[in-house]
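Below: one structure, written as structure tokens.
The values are calculated or read from the model by the stated rules, or taken from the named source; none is laboratory data. Predicted model, so just to flag it, every value in this text is computed and none were measured. Counting neighbours? That spans all protein chains shown, and the Cβs are built from the backbone with ideal geometry, glycine included.
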Amino acid sequence: MAASTTAACYDAPEGVDVRGRYDPEFAAILTRDALAFVAGLQREFHGAVRYAMEQRRKAQRRYDAGELPRFDPATALVRDGDWACAPVPPAVADRTVEITGPATPRKMVINALNSGAKVFMADFEDALSPTWENLMHGQVNLRDAVAGTISFRDAARGREYRLNDQTAKLFVRPRGWHLPEAHILVDGEPAIGCLVDFGLYFFHNHAAFRAGQGAGFGPFFYLPKMEHSREARIWNGVFQRAEKAAGITPGSIRATVLVETLPAVFQMNEILHELRDHSAGLNCGRWDYIFSYVKTFRAHPDRLLPDRALVGMSQHFMRSYSHLLIHTCHRRGVHAMGGMAAQIPIKDDAAANEAALELVRKDKLREVRAGHDGTWAAHPGLIPAIREVFEGHLRGRPNQIGDAAAVGQLEGAGVGEEDLIQPPRGARTVDGLRLNTRVGVQYLAAWLAGSGSVPLYNLMEDAATAEISRVQNWQWLRHGAALDAGGVEMRATPELLARVVEEEMARVEAEVGRERFRQGRYAEAGRIFSRQCTAPELDDFLTLDAYNLIVAHHPGASPCKL
Ligand SMILES: CC(=O)SCCNC(=O)CCNC(=O)[C@H](O)C(C)(C)COP(=O)(O)OP(=O)(O)OC[C@H]1O[C@@H](n2cnc3c(N)ncnc32)[C@H](O)[C@@H]1OP(=O)(O)O
Ligand SMILES: O=CC(=O)O
Ligand SMILES: [Mg+2]
């Protein structure tokens with residue numbers, strides 16, 4: 001008898017076409033009902049998302065014409081009004097240390113849940129390259145994590161991974177509104193990436209999450225890269241629809257919004273107000289925030305950034321942003337979360353490791369003194385030090401929401417428009433251009449190969465940090481910035497960049513080794529990075545520009561022909 005040639009495929013509902021590789025494990029996530037739920041979200045909200053993206057472009061055109069971001073006079077009543085968000089769910093009152101990491105690999109998810117952090121933010125965003133395989137394995141991992149059954153055997157190292165009795169509470173970060181999911185078409189259009197991430201996770205996990213980790217609340221989310229409260233309003237609508245479909249209490253779902261774009265810092269009250277029944281506070285997404293400062297002011301030669309390494313939290317615009325965020329959140333009764341220090345443990349140099357840890361401690365001490373209720377860690381090795389700083393300061397309190405005396409709480413009240421946009425100070429150097437190039441190229445090479453967060457030069461690099469490297473090079477070139485080259489001034493020009501790329505590619509090859517360089521996607525990354533840095537118009541996101549290079553269509557994955 002001839003073997004059947006009919007391949008297994010996804011059972012997709014009317015109007016939904018799954019183009020990603022078929023895998024029985026993925027099919028348990030991409031069930032007909034789950035896909036119908038995602039398609040329902042897409043059909044209800046895609047018009048509002050399209051409008052919101054158009055408004056982003058319109059606002060950018062105004063900034064390009066010289067306008068500065070500012071508080072919206074039309075929403076003064078929301079800013080001045082006396083209102084509060086819904087009370088914090090008891091399960092996540094204490095969020096002093098949150099570890100972040102991609103939703104896959106599986107081992108890392110288990111490590112994060114066991115890390116001793118109060119929360120694990122499982123990432124489909126900055127830390128994850130959105131390949132089909134990563135997205136689907138991420139969903140499988142999170143389903144098993146919520147069920148409490150996740151385990152992993154590392155055969156090569158003979159190590160078993162399973163959950164401890166005490167684990168971190170799970171928050172999930174879907175992609176931003178701008179990213180499509182090209183492996184799932186709804187009515188012939190690519191799905192909106194974040195609705196796929198949110199929809200599949202919510203559909204499969206809301207009941208187990210609320211019965212377990214969430215103690216009657218949840219699931220919990222982090223929402224990235226919003227620029228305006230109208231985008232938060234869409235999320236609120238998505239949450240309401242999801243709660244209704246699941247038959248769960250309105251206000252169960254909670255979300256922390258990352259304030260990581262410059263326009264959003266002028267909208268923090270408005271964002272919290274839109275999400276007031278679903279809010280779990282705000283977070284200082286400092287790396288994307290710096291990226292957004294450059295993007296917003298792309299046409300403003302008077303606002304060029306100094307070297308990336310100099311744009312820290314002591315710059316006036318960054319300190320003002322953190323203080324205003326603390327003031328705003330505490331006034332509305334929700335958590336004001338700190339951000340990510342990029343240092344990670346340095347394995348082969350004890351002194352350098354201690355110096356890196358000291359930088360993390362200082363950063364976290366600044367945050368907790370300012371009034372942040374918790375903060376992020378990029379690596380489990382940093383958690384004991386961060387816990388010591390936060391717990392030492394909080395002395396048994398789960399958070400500082402009611403504490404009116406914190407520095408940020410007091411100073412935040414006086415932060416004005418000028419404070420939030422004051423240009424950062426410091427030198428611009430050819431070494432900075434070189435480092436941006438090495439980091440940008442290596443990050444892109446990793447991302448194209450499926451890794452969205454990588455260690456580079458003893459720092460954590462992800463989509464947000466790499467974006468700073470890209471847009472800073474672009475900005476310096478666009479405005480012909482004067483760069484210091486060891487006492488000599490050089491103009492940033494396409495010719496200088498071409499020379500720098502060639503030399504830094506050679507350096508990267510020497511650092512990673514010829515074989516790895518040849519087998520990796522470095523040469524391709526070098527070409528993409530050069531093009532992005534010299535593009536006449538700044539690409540909105542490097543991940544959007546390069547997305548098609550990681551799309552892998554498998555025609556026939558659905559509809560089911562069995
Ligand atoms: C700007 C922003 O958006 S920040 C938030 C997004 N970014 C992130 O989440 C980055 C998170 N961090 C990471 O991805 C990683 O720490 C990296 C890539 C920077 C470094 O990873 P590695 O090179 O694997 O680190 P290293 O070799 O020191 O890992 C040691 C162990 O810690 C684990 N580990 C490292 N980082 C994490 C993490 N964030 N979560 C869980 N486990 C982790 C590794 O899995 C490894 O486990 P093992 O001993 O069982 O094998
Ligand atoms: O997502 C966090 C950031 O800093 O960007
Ligand atoms: Mg970010």
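List of remarks:
- Listed by first and then second residue, the pairs linking a residue in the range 284-295 that is of a type in the set (K, R) to a residue that is near ligand 2 (Cβ under 8 Å from one of its atoms), with Cβ atoms under 6 Å apart and 6 or more places separating them unless they lie on different chains, are R286/G339.
- Qualifying residue in the range 433-448 (condition: of a type in the set (A, V, I, L, M, F, W, C) and surrounded by fewer than 18 Cβ atoms within 10 Å (Cβ to Cβ)): no
- Any hit, the range 33-50, residues being basic (K, R) and crowded, with 17+ Cβ neighbours inside 10 Å: no
- Near pairs, Cβ below 6 angstrom, 6+ apart or cross-chain, from the range 115-136 (within 9 Å of ligand 1 (Cβ to nearest atom)) to any residue that is assigned to a loop (DSSP other than H, G, I, E, B) and among the polar types (S, T, N, Q): A127/S453
- Test set (1) closer than 18 Å to S469 by Cβ; (2) touching a strand residue (DSSP E or B) at 6+ places or on another chain (Cβ under 7 Å); (3) acidic (D, E) - E524 fails condition number: (2)
- Among the residues of the range 451-470, the one identified as more than 8 Å from ligand 1 (Cβ to nearest atom), aliphatic (A, V, I, L, M) and free of Cβ contacts under 8 Å to residues at least 60 places away in the same chain is L456.
- Scanning the range 426-464 for residues that are more than 16 Å from ligand 2 (Cβ to nearest atom), under 19 Å from P130 (Cα atoms) and of a type in the set (A, V, I, L, M, F, W, C) turns up V441, L444, A445, A446, L448, A449.
- Restricting the range 244-274 to residues that are assigned to a loop (DSSP other than H, G, I, E, B) and either in contact with a strand residue (DSSP E or B) (Cβ under 6 Å, 6 or more places away or on another chain) or within 16 Å of ligand 2 (Cβ to nearest atom) (or both), the residue that is farthest from R303 (Cα to Cα): E260
- Residue in the range 406-424 that is of a type in the set (D, E), assigned to a helix (DSSP H, G or I) and crowded, with 18+ Cβ neighbours inside 10 Å present: yes
- For the range 149-163, the criterion of being charged (D, E, K, R), modelled with pLDDT of 95 or more, away from ligand 3 (no atom under 16 Å from the Cβ) and closer than 30 Å to H228 by Cβ is met by no residue.
- In the range 12-32, residue surrounded by the most Cβ atoms within 10 Å (Cβ to Cβ) [restricted to those that are touching a residue at least 40 places away in the same chain (Cβ under 8 Å) and not in a loop (DSSP other than H, G, I, E, B)]: V18
- Residues in the range 81-116 that are part of a loop (DSSP other than H, G, I, E, B) and within 16 Å of ligand 2 (Cβ to nearest atom): R95, A103.
- The range 189-212, residues that are crowded, with 22+ Cβ neighbours inside 10 Å and either polar (S, T, N, Q) or more than 23 Å from V18 (Cα to Cα) (or both): N205, H206, F209
- Residue in the range 551-561 that is within 24 Å of the chain's Cα centre (by Cα) and surrounded by fewer than 15 Cβ atoms within 10 Å (Cβ to Cβ) present: yes
- Screening T100 on (1) under 22 Å from G214 (Cα atoms); (2) within 16 Å of the chain's Cα centre (by Cα); (3) surrounded by fewer than 24 Cβ atoms within 10 Å (Cβ to Cβ); (4) of a type in the set (S, T, N, Q) shows it passes everything except condition (3).
- Some residue of the range 475-485 being touching a helix residue (DSSP H, G or I) at 6+ places or on another chain (Cβ under 8 Å) and surrounded by fewer than 16 Cβ atoms within 10 Å (Cβ to Cβ): yes
- Subset of the range 150-176 [farther than 19 Å from P219 by Cβ and of a type outside the set (G, A, S)]: F152, R153, D154, R157, R159, E160, Y161, R162, N164, D165, Q166
- Restricted to strands (runs of 3 or more DSSP E) entirely inside the range 279-382, those with at least 2 residues that are closer than 30 Å to N236 by Cβ and away from ligand 3 (no atom under 16 Å from the Cβ) are 279-284.
- Considering only residues in the range 117-162 that are in a strand (DSSP E or B) and under 20 Å from the mean Cα position of the chain (by Cα), the one that is nearest to L549 (Cα to Cα) turns out to be D123.
- Residue in the range 194-209 that is touching a Ser or Thr at 6+ places or on another chain (Cβ under 9 Å) and either within 16 Å of ligand 1 (Cβ to nearest atom) or over 14 Å from L142 (Cα atoms) (or both) present: no
- Once the range 239-283 is narrowed to residues that are of a type in the set (K, R) and farther than 30 Å from S320 by Cβ, the residue that is surrounded by the most Cβ atoms within 10 Å (Cβ to Cβ) is R241.
- Conditions (1) touching a residue at least 60 places away in the same chain (Cβ under 8 Å); (2) more than 15 Å from ligand 3 (Cβ to nearest atom); (3) buried (at least 21 other Cβ atoms within 10 Å of the Cβ); (4) not β-branched (V, I, T); number of the one not met by W235: (1)
Residues checked against (1) under 17 Å from R56 (Cα atoms); (2) modelled with pLDDT of 95 or more; (3) within 16 Å of ligand 1 (Cβ to nearest atom):
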site: G218; (1), (2), (3): no, yes, no
site: F221; (1), (2), (3): no, yes, yes
site: M226; (1), (2), (3): yes, yes, yes
site: E231; (1), (2), (3): yes, yes, no
site: V238; (1), (2), (3): no, yes, no
site: P250; (1), (2), (3): no, yes, no
site: T256; (1), (2), (3): no, yes, yes
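- N399, sole failed condition from (1) touching a residue at least 24 places away in the same chain (Cβ under 8 Å); (2) surrounded by fewer than 22 Cβ atoms within 10 Å (Cβ to Cβ); (3) closer than 21 Å to C85 by Cβ: (2)
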